[in-house]
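In what follows, a structure is listed as structure tokens, so that the remarks can point back to it.
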Amino acid sequence: MKLTPGFIRDQIRREHVITRDISYVAEQVEHWWANYQSCPSNHALKLQLISLLSTALRKSDKCYFENVGKNGVSAVCLIGVFQTDSYRLALIVHEALCELFHLRDIKYPYEHHKALFLKADGEKYRDWGNGAGEITPHSDDLYEAESTDLLALTVCRDKTSTPTQCFPAKTIIECLSDAELSRLANITAIFRSGKNVSLSKSCRRKLVQYDPIYGVQLYLDFRIDTDVGERMIATYPEDAEFLRKLRLKIPSWTPVYSASATGTFFIMANYKVLHARPVIQSSVASPANLHKINFHDTPRLLFRSKGPRHNLSLAQEYSEYLLP
Ligand SMILES: [Fe+2]
């Protein structure tokens, strides 16, 4: 497949981010939680909730389970899934919805990726999920050999009102000339791990790729890590200036915002949108307070999953046992 500017623009033009208010299920979720939270098994609770959501959700909302990353759906934001600020409820809702969206979460032994909240050294490492600073647009895990197709975040609480931003591929390529887009489609970069993992990994990739099912996908990471520096480095020195100029265009990109309310579930096709986070505005994020924060009283707590899609035929087979 020849990735001409015209072909890329035509593919990307159809991409959009969907927001669905599913607060009509919140009452059932809360009622279920009030009656069953004493169950000691998170796995049993997850299966119960998958069954509940499969029954309670409207067909017009369930149709997105199969479609994140294809058919023009770059990301889906579900708001109003639950209301109670409970980290266990948020985690179980998160895991149940990830299952329904066929996200197979990968736990790498060198990364604590599940809970996102301000940590004691968050002031030093600002461009980090557990820091307080701005995180510049990127896709996750481009240094890994295994594909991270999907990325999901669930808001347990966010007293700082800092929603996740995402930048659809359309907004990134719209500000490029045909010559620039053609160059983007023909260069490679080295992607490096940063503060998020406890070892050093890297992977070389093309920045624009085509998949017969998922279409045109972008592989970009504009983060600058406190320790290792730029996370995306041009493979050849003659392309470094081009990537530097691309970085300078970021302020002209138009983000789409998730929501920061408790009960928000945001799932993105990792190679269809870049995601980012503004500075967290919170007095708790000051150096004097950071060391006191723990998992239970942090003002902002999100749960995260990232990884490839489950084999859909297997997932569909499995869902027959859960759907009424
Ligand atoms: Fe990320």
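Couple of notes before you dig in:
- Remark: A179 matches the filter, which requires a residue to be out of contact with any strand residue (DSSP E or B) (no Cβ under 7 Å at 6 or more places or on another chain) and modelled with pLDDT of 95 or more.
- When residues of segment 26-46 are limited to those that are without any contact (Cβ under 8 Å) to a residue 60 or more places away in the chain and of a type in the set (A, V, I, L, M), the one surrounded by the most Cβ atoms within 10 Å (Cβ to Cβ): L45
- Any hit, segment 51-59, residues being surrounded by 15 or more Cβ atoms within 10 Å (Cβ to Cβ), within 16 Å of the ligand (Cβ to nearest atom) and assigned to a loop (DSSP other than H, G, I, E, B): no
- Summed over segment 199-226, residues that are farther than 19 Å from A276 by Cα and surrounded by fewer than 20 Cβ atoms within 10 Å (Cβ to Cβ) total 14.
- Of all the residues in segment 61-115, those that are closer than 19 Å to D149 by Cβ, over 17 Å from the mean Cα position of the chain (by Cα) and of a type in the set (A, V, I, L, M, F, W, C) number 1.
- Within segment 180-221, the set of residues being among the small types (G, A, S), touching a residue at least 60 places away in the same chain (Cβ under 8 Å) and closer than 15 Å to D239 by Cα comprises S182, A185.
- Output for segment 204-234, where each listed residue is among the charged types (D, E, K, R) and over 15 Å from F7 (Cα atoms): R204, R205, K206, D221, R223, D225, D227, E230, R231
- Extreme residue, surrounded by the most Cβ atoms within 10 Å (Cβ to Cβ), among residues of segment 126-138 that are touching a helix residue (DSSP H, G or I) at 6+ places or on another chain (Cβ under 8 Å) and either without any contact (Cβ under 8 Å) to a residue 60 or more places away in the chain or farther than 30 Å from L89 by Cβ (or both): P137
- Residue check, S23 hydroxyl-bearing (S, T, Y) and without any contact (Cβ under 8 Å) to a residue 40 or more places away in the chain: no
- Only listed residue being buried (at least 21 other Cβ atoms within 10 Å of the Cβ) and closer than 17 Å to R300 by Cα, chosen from D141, D149, D158, D85: D158
The values are calculated or read from the model by the stated rules, or taken from the named source; none is laboratory data. What you see is a predicted model, and the numbers here were worked out from it, not measured in a lab. Backbone-built Cβ (ideal geometry, glycine too); neighbour counts: all protein chains shown.
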